[in-house]
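Chemist: Please read through the structure below; I'll follow up with questions.
Just so it is clear, none of the values below were taken in a lab; they were calculated from the coordinates. What you see is a predicted model; the values in this text were computed from it and never measured. Note that each Cβ is placed from the backbone with ideal geometry, even for glycine, and that neighbours are counted across all protein chains shown.
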Amino acid sequence: EPVLRLEGVIKEYGEEVVTRVLHGIDLTLEQGEFAALIGPSGSGKSTLLNIIGLLDRPTSGRVLLQGQDTRGLDEDSLARLRARTLGFIFQFHHLMPAFTALENVMMPALAERGWPDERMRTRALELLAQVGLKERAGAHPGQLSGGQQQRVAIARALVMSPALVLADEPTGNLDTGTSAQVFELLRHINREQRMTFLIVTHDPRMAQRCDRIIEVVDGRIVSDRREPPHSG
Ligand code: ADP
Ligand code: ADP
């Protein structure tokens, strides 16, 4: 079954004056996909990402995560489902400055009951090694470069082994070279672990390097194309 399925998702804002921001979105993401979500500013990408991320509810339509219909779930159940199945990477990393890289990566696991400290620590160290920061586990965010901070945030997003990673302009705050490195890291994790990614980006070069490009204009998917595999 698909990791994500949206059926006729409509989102409206306002009460007296109702604005329809999403006009019936149908979208399926299969396990292991690496997809870009593109479109002009104001087209509804953030709204869509918030709905997929269970941070906001559609006005109508259905959101299924790994086959589970999220429509009838209360806030607690949504929060639990979010923690178990979704990872988030934002443009700004939102690391906690008072905590070390290792502690920041462990943070989502701390909220999950029943994980012994040692297992959390091991998992977080593995991830830091994977993003090339094993030696910096004890550093605080302020002691790391922008690219390193974003890599810590990526490790944190992966700590619960999410089925789907939602990335909103994950390299929007980085210089070109660092941005390419961070993007390649996401690509690598996708290939190695078959983890599914949906990446909002304004960068056409980044979109070109995804396997699938979903374009939203005025709250509608206007094109959804799979890219031929790249050489190298
Ligand atoms: P929001 O998620 O708040 O709606 P946007 O996703 O529209 O914000 O934009 C995020 C950032 O990208 C903003 O700083 C915006 O100025 C910039 N941006 C928006 N559209 C483009 C574009 N077409 N090309 C490059 N940068 C853009
Ligand atoms: P994008 O991320 O593509 O820039 P958004 O999803 O942020 O687009 O916005 C889509 C449209 O929805 C915009 O016209 C925006 O002004 C509107 N919008 C977003 N959030 C709200 C809100 N909370 N209340 C009212 N309108 C909103």
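Chemist: Helix 75-85 against the longest principal axis of the chain: what's the angle in degrees, Cα atoms only, rounded to the nearest 10?
Modeler: Between helix and principal axis, roughly 60 degrees.
Chemist: Collect residues whose amide H, placed 1.01 Å from N in the peptide plane, falls under 5 Å from the amide H of residue 22; neighbours closer than 5 in sequence don't count.
Modeler: 11
Chemist: So what's the net charge close to residue 90: Lys and Arg +1, Asp and Glu -1, counting the other residues with Cβ under 12 Å from its Cβ? List each step's numbers first, then the result.
Modeler: Working: positive: 156; negative: 168, 169.
My count for the surroundings of residue 90 gives -1.
Chemist: With a sphere of radius 14 Å drawn around the Cβ of residue 73, what net charge do the other residues whose Cβ falls strictly inside it have (Lys, Arg +1; Asp, Glu -1)? Provide the component values of the computation, followed by the final result.
Modeler: Numbers: positive: 57, 62, 71, 80, 82, 84; negative: 56, 69, 74, 75, 76.
Spelling it out: positives minus negatives among the neighbours equals +1.
Chemist: Under 5 Å between amide hydrogens, which residues at least 5 positions from residue 139 or on another chain qualify, with H placed 1.01 Å from N in the peptide plane?
Modeler: Residues meeting the criterion, in which the H sits 1.01 Å from N, are 101, 102.
Chemist: Still on this structure: Which ³J(HN,Hα) values, rounded to whole Hz and listed in residue order, are derived for segment 118-128 from phi using the Karplus coefficients 6.51, -1.76 and 1.60 in 6.51 cos²θ - 1.76 cosθ + 1.60 with θ = phi - 60°, glycine and proline given as x?
Modeler: 5, 5, 4, 4, 4, 4, 5, 5, 4, 5, 4
Chemist: When the distances between all Cα atoms of segment 106-232 are binned every 10 Å from zero, what whole-number percent does each bin get?
Modeler: Over segment 106-232, the share of Cα pairs per 10 Å bin runs 11, 39, 33, 14, 3 percent.
Chemist: Also, I was wondering about something else. So if I take the centroid of the Cα atoms in segment 1-44 and the same for segment 139-183, what is the distance between those two points in Å?
Modeler: Using only Cα atoms to place each centre, the spacing works out to 24 Å.
Chemist: By how many degrees, 0 to 90 and rounded to 10, does the Cα axis of helix 101-111 deviate from the longest principal axis of the chain?
Modeler: The angle comes out at about 50 degrees.
Chemist: Okay, next question. Can you order the peptides 204-211, 33-40, 16-23 by their average number of other Cβ atoms within 10 Å per residue, highest first? Write down the numbers at each step before the final one.
Modeler: Details: 204-211: 16.9, 33-40: 21.0, 16-23: 12.5.
Those peptides, ordered most packed to least, come out 33-40, 204-211, 16-23.
Chemist: Mind pulling up the Rg/Rh value for segment 119-159? Radius of gyration and Kirkwood radius, both on Cα. Provide the component values of the computation, followed by the final result.
Modeler: Numbers: Rg = 9.3 Å, Rh = 10.0 Å.
That ratio equals 0.93.
Chemist: Grab the other residues whose beta carbon is less than 14 angstrom from that of residue 103, score K and R as +1, D and E as -1, and report the net. Working shown, then result.
Modeler: Details: positive: 121, 123, 136, 156; negative: 117.
After counting each charged neighbour, the total is +3.
Chemist: For segment 1-108, what ratio Rg/Rh do Cα atoms give with a Kirkwood hydrodynamic radius?
Modeler: Details: Rg = 15.7 Å, Rh = 15.6 Å.
Ratio value, two decimals: 1.00.
Chemist: Next question, about the same structure. Is there a quick way to get the dipole size of the chain? I mean about its Cα centre, with the Cβ of Lys and Arg at +1 and of Asp and Glu at -1; what is the value in debye to the nearest 20? Spell out each step's value before the answer.
Modeler: Values: 27 positive and 30 negative charges, 102 e Å.
Charge dipole, the chain, about its Cα centre: 500 debye, nearest 20.
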